[in-house]
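The values are calculated or read from the model by the stated rules, or taken from the named source; none is laboratory data. Everything quoted here is computed from the prediction, not taken from an experiment. All Cβ positions, even for glycine, are placed from backbone atoms using ideal geometry, and neighbour counts span all protein chains on display. Keep in mind that these areas ignore ligands, DNA and RNA; they rest on the heavy atoms of the full protein, side chains included. Shrake-Rupley method; radii C 1.70, N 1.55, O 1.52, S 1.80 Å.
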Amino acid sequence: MNTIKSIDLWTEQHINHYECFNGAFVDGFEEEKIPFDEYKIVKNCNCLIEYNDKNINISNKHHAIVFYKEKNPVRLMVVNKDTEINHCIEVALNQYSGGGTKRFVPKFKYSIFSY
């Protein structure tokens, strides 16, 4: 097992926090640079999360999205248990402007795990 020495962490502050999804899914895309090539949704994580910021609404039972680049985890997003994950991802992967929708980033391989 390899130890992850650093990871880009995104924490959703409230349910359906679109700005957090937008950042986690789009941050780092520049010209030919793609920050991840796969992501996995992990539902019902059971780990202890401690934080001092009362604005963060994450509980012991939450969801997570792990982003991978060439099979290595590079980004982690912690998601509220009541967030509509698929809808938030769809919003993040699309740009809405004027009368149309433009796909911002390519479709990725993804998996969903539930514990």
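For a paramagnetic label modelled at 7 Å from the Cα of N86 toward its Cβ, which residues of the stretch 1-26 fall within the zone defined by backbone nitrogen distances under 17 Å? Taking a point 7 Å out along Cα→Cβ of N86, the residues of the stretch 1-26 whose backbone N falls under 17 Å are 16.
The label-point distance for K61 and V26, in a model that sets each label 7 Å from Cα toward Cβ, rounds to 3.3 nm. On the beta carbon distance between D53 and Y18, with R0 = 30 Å, the FRET formula returns roughly 0.95. When Y68, Y39 are compared by accessible area of protein heavy atoms, the largest-first order is Y68, Y39, using a 1.4 Å probe. Extension gain for D8 to E38 (0.36 nm times residue separation, less C-alpha to C-alpha distance): 9.3 nm. E90 exposes around 90 Å² of accessible area when a 1.4 Å probe is run over every protein chain in place.
Cross-link pairs exceeding 18 Å in C-alpha to C-alpha distance, out of K43/K69; K40/K71; K5/K43; K5/K71, comprise K43/K69; K5/K43.
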